[in-house]
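Comments concern the structure below.
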Amino acid sequence: MRVLIMTAVAPERDAVQRGLGHDSRFEFALAGVGLAAAAANGAMSLAAADYDLVVVAGIAGGFPGEAEIGSLVVASEIVAADLGVELLDGFSSLDELGFGSTRIGVDAGAAERLTAALTAAGLTARLAPVLTVATATGTAATAAALAARVPGAAAEAMEGFGVATAAALRGVPVLELRAISNAVGPRDRDAWRIGDALKALEAASSVLAEVL
């Protein structure tokens, strides 16, 4: 099996590499920050070689009550939550406009096995939708709107849908694994625990190697 791991930035990549150890099945590429960079870099990486699976991995914000800081979220689906138009009476997604889809499915069997294995390893993990946004949420109102738009959403990041779009075009299955560093909502950098999230990502990556 040949697996491509894509993270936004180098510290996330390094955490995953520490967890995986020297496993020749896994190769790495940086997606960059944001949906556009992730789609472009994902497409280039997938065009350069043949892969059996793409894993988007990194840290993320967690929706309060759904995913607490230090926990893990495995995507049940990857949703571009703010891709659409803002209207006077609310928001309409790309799906509702009839111009495409804002949702990309994951390798469901692998996602379920990974979530179960993470839990069995004593890590706090859940299977739930992971949102991709162009602008990271900074208010309680936006957090509430996103949670209402995608019921059960547990995490918010900025790259998953971009990489998943590139993978879908190549016919390569995808997973998204996120470690929660902060709460989605009002931005309080003093409350962020990036170090703890990277440690959780490292621990989860060692389990990922066993599952795959």
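Placing unit charges on the Cβ atoms only, positive for Lys and Arg and negative for Asp and Glu, gives region 1-90 a dipole magnitude near 440 debye about its Cα centre. If you sort the three axes of the alpha carbon gyration tensor as a ≥ b ≥ c, you get a/c of 1.5 or more for region 155-196 and a/b above b/c, which makes it prolate.
Basic side chains Lys and Arg get +1 at the Cβ, acidic Asp and Glu get -1 at the Cβ, and with that the dipole of region 95-210 about its Cα centre reaches some 60 debye.
Here the label points at Asp89 and Ser101, each 7 Å from Cα along the C-beta direction, are separated by 2.7 nm in the simple model.
Entry note, the chain: the mean residue ellipticity at 222 nm calculated from DSSP H runs of n ≥ 4, each adding -39500 (n - 2.57), is -11500 deg cm²/dmol after division by the residues and rounding to the nearest 500. Per atom type, the chain shows carbon and sulfur on 56% of its accessible surface, probed at 1.4 Å. Only protein heavy atoms count here; on that basis, with a 1.4 Å probe, Arg170 has an accessible area of about 120 Å².
Positive contributions from Lys and Arg (+1) and negative ones from Asp and Glu (-1), summed over other residues with Cβ under 11 Å from the Cβ of Ala183, come out at -2.
Taking all protein chains together and a 1.4 Å probe, the residues Glu68, Glu12 rank Glu68, Glu12 from largest to smallest accessible area. At the residue level, Ser71 shows approximately 10 square angstrom of accessible surface with a 1.4 angstrom probe and all protein chains present.
Structural descriptor for the chain: relative contact order 34 percent, calculated from alpha carbon pairs under 8 angstrom and at least 6 residues apart. With a cut-off of 14 Å between beta carbons, the residues surrounding Thr7 carry a summed charge of -3, where Lys and Arg count +1 and Asp and Glu -1. Computed over region 13-97, the Cα gyration tensor eigenvalues convert (square root of 5λ each) into semi-axes of 29, 20, 11 Å, ordered from largest to smallest.
With every protein chain in place and a 1.4 angstrom probe, the accessible-area ranking of Val184, Val9, largest first, reads Val9, Val184. Counting Lys and Arg as +1 and Asp and Glu as -1 over every other residue whose Cβ lies under 14 Å from the Cβ of Ala75, the net charge comes to -3. Listed peptides 187-199, 118-130 appear in the order 118-130, 187-199 once ranked by packing, highest mean of other Cβ atoms within 10 Å at the front.
Across region 1-118, the mean sequence separation of Cα contacts (distance under 8 Å, 6 or more residues apart), normalised by length, yields a relative contact order of 23 percent. Accessible area per residue for region 61-212 is 44 Å², calculated with a 1.4 Å probe on protein heavy atoms, without ligands, DNA or RNA.
The values are calculated or read from the model by the stated rules, or taken from the named source; none is laboratory data. Just so we're clear, the structure is a prediction, and the values are computed from it rather than from any experiment. In this analysis, Cβ positions are derived from the backbone assuming ideal geometry, glycine residues included, and neighbour counts consider all displayed protein chains. Surface areas here come from the heavy atoms of the whole protein model, side chains and all, with no ligands, DNA or RNA. Shrake-Rupley method; radii C 1.70, N 1.55, O 1.52, S 1.80 Å.
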